Every structure is written in structure tokens, then in C-alpha cells.
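The values are calculated or read from the model by the stated rules, or taken from the named source; none is laboratory data. Quantities reported herein were computed from a predicted structural model and do not represent experimental measurements. FYI the Cβ positions are ideal-geometry reconstructions off the backbone, even for glycines, and counts take in every protein chain you see.
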Amino acid sequence: MKGPYSDKVMEHFSSPHNVGELDDADGVGEVGNPACGDIMKMYIKVEDDVIVDTRFKTFGCGAAIATSSMATDLIKGKSVEEALQVTNKAVAEALGGLPKQKLHCSVLAEEAIQAAIDDYLKKTTGKGLDLKQSSHDHHHDHEPEGDDE
């Protein structure tokens, strides 16, 4: 059952990387899209401003699991600042592309990274990211979705 998905998407869906929880996580972010039912929870462990470990738990479709898996791969070993530069586009491209109707999954992955980093920053500096004004200027590639936070 390959359909519109790249080999990379299928690989990350069949054998996702970094699945599970981090009990001693420095930051935990949970994002969801009630409309499609996808929920992503991302955990990060930070040492000297570098994300040394990351895990995720995702409830959702194959594309949501694949994008979560790829997102954790992309941020592991990166500085917090570098991880914040990981966009939904970068996640989708690293997976060899996503069908148009599944691009929202890569947006969720980007938001999960930001939410985990926001949580980490709040815990360590007392000030999180301004997520409402975050770098969402590259969301022209998907339909707007309701955000009832």
C-alpha cells in the first residue's frame, strides 16, 4: 500500500525513529489538530543548548507518524536555535515530499518542535517563545486550520 507516499515516508512510518517518552525531558510539547485527529507529543533533552535526545508519541495517520519521526531526526544534535529553523517544508522535503492533503502533518511536526522548545525555554529562562507570532510565514502551502488554544 504505497500510494502517494515516497519510500522515505513509508520507511519512517514502518520503522519510526525516536519513538517513546523521555522521563527526564527538559521540554515537552504537545500539538494537535482536532479536525484531522492527529496529536503529536515531542520530548527534548537539552545539554549546553544542544538537543542531545528527542522522542515523540504521535496519535495519527501514517504521514503524522513519519513527519514526527523525521522531525526528531532533524533536530537531534542541533542547537536549540538551529532546531527552531526547522520548517514544515524542510520536514516534507527530507521525507521526499508529501501529498498536498498531508502537508498539515509536517506543519504539526514543526509546531511540535517549537512547542517542546517553548516549554524548555519557559523552564530554564522563565520566558518562552512568542508562538503566536512565530516564524509561520511559510504556511502558504496548506489551508489554514482552526487553532482553538
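Miscellaneous remarks
- Checking PRO99 against (1) crowded, with 19+ Cβ neighbours inside 10 Å; (2) closer than 18 Å to ALA35 by Cβ, the condition it does not meet: (1)
- For region 51-94, filtering for residues that are hydrophobic (A, V, I, L, M, F, W, C), outside any helix (DSSP H, G or I) and surrounded by 17 or more Cβ atoms within 10 Å (Cβ to Cβ) leaves 3.
- Within region 12-54, the set of residues being of a type in the set (D, E, K, R), at positive phi and in contact (Cβ under 8 Å) with a residue 12 or more places away in the chain comprises ASP49 only.
- Residue within region 41-51 that is at pLDDT 95 or above, more than 10 Å from the chain's Cα centre (by Cα), of a type in the set (D, E, K, R) and under 20 Å from ASP130 (Cα atoms) present: yes
A quick yes/no check of all residues on (1) in contact with a strand residue (DSSP E or B) (Cβ under 9 Å, 6 or more places away or on another chain); (2) aliphatic (A, V, I, L, M); (3) more than 22 Å from PRO4 (Cβ to Cβ):
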position: MET42; (1), (2), (3): yes, yes, yes
position: VAL91; (1), (2), (3): no, yes, no
position: ALA94; (1), (2), (3): no, yes, no
position: VAL107; (1), (2), (3): yes, yes, no
position: GLN114; (1), (2), (3): yes, no, yes
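- If the condition is being within 14 Å of VAL46 (Cα to Cα), hydrophobic (A, V, I, L, M, F, W, C) and in contact (Cβ under 8 Å) with a residue 40 or more places away in the chain, then region 60-98 contributes VAL80, LEU84.
- With respect to (1) touching a residue at least 24 places away in the same chain (Cβ under 8 Å); (2) over 21 Å from LEU129 (Cα atoms); (3) part of a loop (DSSP other than H, G, I, E, B); (4) more than 14 Å from the chain's Cα centre (by Cα), the lone exception for VAL9 is condition (3).
- Residue check for GLY27: buried (at least 20 other Cβ atoms within 10 Å of the Cβ) and farther than 18 Å from LYS8 by Cβ: yes
- Filter result for SER68 (under 23 Å from LYS100 (Cα atoms) and modelled with pLDDT of 95 or more): yes
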